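Rule-based calculations on the coordinates, nothing more; no lab input. Because the structure is a prediction, the values reported are computed rather than measured. Cβ placement follows ideal geometry from the backbone for every residue including glycine, while neighbour counts extend to all protein chains displayed.
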Amino acid sequence: MITRKSIICTVVGAALSFGMAASSYAATTLKLSHNHPRDHAVHKAMDFMAKEVKDLTHGEVRIRIYPDAQLGTQRESMELMQNGALDMVKSNAAELEAFSPDYSAFNLPYLFRDKEHYYKVIGGEIGKEILESSRKSGFIGVTYFDAGARSFYTSKPINSPADLQGLKVRVQPSPTAIAMVKSLGGNPTPLAYGELYTALQQGVVDAAENNIPSFSLSRHSEVSKFFSLDEHTMVPDVLVISTKSYDKLTPDQQAALMKAAKDSSEYMKKLWAESEAKETEKAEKMGVTFVHPDKASFVAAVQPMYQELSKTNPELSALVERIKNVK
Ligand code: GCU
């Protein structure tokens, strides 16, 4: 096993043998936690980023990725990062809502007109502002990763909100996701991602919502045989780093990390499209039916969320308006 110590020993040894100052070779290893398996597109994109960071910094900065929630759920990983035990976490806007309220804008249903609008917002000024918004909580966003659109899945087709009536629907711990499921007539049940397979299997919840690759790679497709493409939200994945870990890097290393992250999220767009196609096919082979509901009744049912927001949270409502106005 390559340990941090052995990396440092090798690097320092090499430096000495070349007669150079050993101090300039001290390697920094950033520990990154996330909750997807290695064959998930986001893991591959972050692997790509880790290689680029290593190249750009001539081995001075390395990123060690811990997948599969080995180091804890998304929430636990965020807490470990805030306590200094972890450097980076790949989370998503729904989970981050609890840490920085600006992220909640991304969790509103039918906010984005289409994929192009979504890419423009997350890749533009507003996206940048939101990544910066968590500084006071001890971390900053590094980049977004495409995570497609989220839709409902359960053991029957969901053609309109009426089909969600009375169903216990697993949501992420996000107040906006909870409000959305309520507006659509379901009973929202917040649960950690890793508990969902068993919860679906044992009937603790009846339904869930996610993108196709996550649905398939987490094997929820073994239990839920109808995936209804209502595409209610486009919630980006977000890579964050603690300000403490970021500030320890030199300006050149920070620039290398930011460049590699940006390149990897561009690369992710391609990986995502490939993964969606592949996982759709795999799910179909496993007997999953993809349903194409008319979205109009879903869109209508969530409009009160926007009206409510303008009354209760004018600041967030203004941010939502700015997002809508991005052409
Ligand atoms: C997506 C996202 C994860 C998140 C998961 C969930 O798959 O990539 O970050 O944990 O949804 O529904 O919990």
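General remarks:
- Where a residue in region 75-92 is farther than 23 Å from A45 by Cα and its partner, wherever it lies, is part of a helix (DSSP H, G or I), with Cβ under 9 Å and at least six apart: Q82/S137; G84/K244; G84/S245; A85/E79
- Qualifying residues in region 30-65 (those that are of a type in the set (D, E, K, R) and farther than 21 Å from P251 by Cα) - the one farthest from the ligand (Cβ to nearest atom): D47
- Selection of region 86-117 for residues being away from the ligand (no atom under 15 Å from the Cβ) and hydroxyl-bearing (S, T, Y) yields S100, S104, Y110.
- Residue selected from region 179-190 under the condition surrounded by fewer than 18 Cβ atoms within 10 Å (Cβ to Cβ) and of a type outside the set (G, A, S), by the criterion nearest to the ligand (Cβ to nearest atom): P190
- When the test is whether a residue is of a type in the set (D, E, K, R) and surrounded by fewer than 23 Cβ atoms within 10 Å (Cβ to Cβ), R135 passes it.
- Being under 18 Å from the mean Cα position of the chain (by Cα), at negative phi and of a type in the set (V, I, T) is not true of V181.
- E79 within 16 Å of the ligand (Cβ to nearest atom), charged (D, E, K, R) and more than 14 Å from the chain's Cα centre (by Cα): yes
- Summed over region 191-228, residues that are surrounded by 20 or more Cβ atoms within 10 Å (Cβ to Cβ), away from the ligand (no atom under 15 Å from the Cβ) and free of Cβ contacts under 8 Å to residues at least 60 places away in the same chain total 1.
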